[in-house]
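Below is one structure, written out as structure tokens; the observations come after it.
The values are calculated or read from the model by the stated rules, or taken from the named source; none is laboratory data. Model, not experiment: these values are computed from the prediction. For neighbour counting, all protein chains shown are included, and Cβ atoms are generated from backbone atoms with ideal geometry for every residue, glycine included.
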Amino acid sequence: MEPRVAVVGIGHAGFAPITAGLSYKELMFEAAQRAYADAQVDPRADVDSFVCCSEDYLEGTSIFDEYVPDQLGAVQRPVQTVAADGLFGVATALMLIRSGAARVVAVEAHSKVSDVLTLGAIEQFAMDPVFNRPLGVPALAVAGLDMNAFLERTGLTEEHCAMVAAKNRTNALDNPRAAYPADVRPEDVEDSAPVYWPLRELEVAGRADGCVVVVLAAEERAGDLTEAPVWLLGAGWSSGSPTLESRTWGEADFVARAAERAYAMAGIEDPGEEIDLAEVDDVYAFKELQHLEALGLGTAGGLAEMLAQGELEADGDLPVNVSGGSLGQGNLFEANGLARLLECAEQLRGEAGERQVDEAYVALVQSWRGVPTTSAAVVVLGNEEGT
């Protein structure tokens, strides 16, 4: 039997539109210190390997993993970079531990997007260089096209997307680390300025700086490090077509594939009944609905009814993005997935304060790397009662 893996420590720093007084190294150091204190580990003695999730283009530095050992306590230790969302780093740590290559692994992801002066130009480098990049299509335009295709396919409306944006931004009022909390009503969202039809300003997550560090350990070590392990029950990841003309518009088939693998590993047969809460990607409000559909947590018609009945609210049958999601916490780019894992870990530990969900035993975390990618990861977590 493969060894079980648990989250034994987690820390964060930043979560603000601009962290002018902190460099990316200082953000990483602060988050790492909190994670190591939570896990009661000395990184120089107890952590066997380190995973940093970063993109050289966003950092403005080639081979970025050469710039992370000092602030993570990883000097002369195994360090690797995963150019993807932080949940892919968690999957990497899972493989390191289950293969026997390590027993304790630290995973880091961060955003210092306030330092990026030409984000649109960087996003263009992710486009196909022959067919897509010469068109100069902005990321928001791609999101608007996908939203329109999604609404056309499912019959869901702009009002449903506005309800998601209002829910998440309002949820963020109870989250002390949220960068964009606001008391928002659906009509406020519908009255906000159009960005790229049918996408509106309040349906787009604002950018934020921040860092999250997670410490994972094999079962044989987890018991020594924490009294409240959060078990990694399942993980899956998938990527779809990299080009705009060959992808499936209006649906997230890559999320469905990632979820299928995570559910199989976790032994989840009926996610709608077995998942107690979910933190899913909502960088654009419609994406929450699209991703919930792909995760098997509701059909298009069912999601409309769930919204109307308040079932996706913090006190509903399936609380989704109680943290406020990216719409409330801010778009942390490569750290989005770990920010959602942070929320779920707190919920499963019973440490979420005002936003604590009752009877939280099994949680789902899903990430998407953003336009123009079709890369997603899904993780299922459980506390002792949920395993």
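Which of the helices (runs of 4 or more DSSP H) found entirely inside segment 225-323 contain at least 2 residues meeting this: in contact with a strand residue (DSSP E or B) (Cβ under 8 Å, 6 or more places away or on another chain) and in contact (Cβ under 8 Å) with a residue 60 or more places away in the chain?
Working: elements: 253-266, 271-274, 285-294, 300-309.
Correct list: 253-266, 271-274, 285-294.
Please note which helices (runs of 4 or more DSSP H) are completely contained in segment 62-148 and include at least 2 residues that are out of contact with any helix residue (DSSP H, G or I) (no Cβ under 9 Å at 6 or more places or on another chain) and buried (at least 17 other Cβ atoms within 10 Å of the Cβ). Even if it seems obvious, please write down each step before you answer.
Numbers: elements: 69-72, 86-98, 119-124.
Here the list reads 86-98.
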Check: In segment 1-33, what residues are buried (at least 18 other Cβ atoms within 10 Å of the Cβ) and under 18 Å from residue 224 (Cα atoms)?
Finding: 5, 6, 7, 8, 9, 10
Next item on the list: Pull up segment 349-387, narrow it to residues that are under 24 Å from residue 286 (Cβ atoms) and of a type in the set (D, E, K, R), then point me to the one that is surrounded by the fewest Cβ atoms within 10 Å (Cβ to Cβ).
Entry: 355
Next item on the list: For residues that are under 28 Å from residue 348 (Cα atoms), of a type in the set (Phe, Trp, Tyr) and not in a strand (DSSP E or B), tally how many sit in segment 9-52.
Entry: 2
Margin query: Suppose we filter 367, 326 for residues that are of a type in the set (S, T, N, Q), in a helix (DSSP H, G or I) and modelled with pLDDT of 95 or more; which single one remains?
Written below: 326
Checklist line | Test: residue 156 is in contact (Cβ under 8 Å) with a residue 60 or more places away in the chain and part of a loop (DSSP other than H, G, I, E, B) | finding: yes
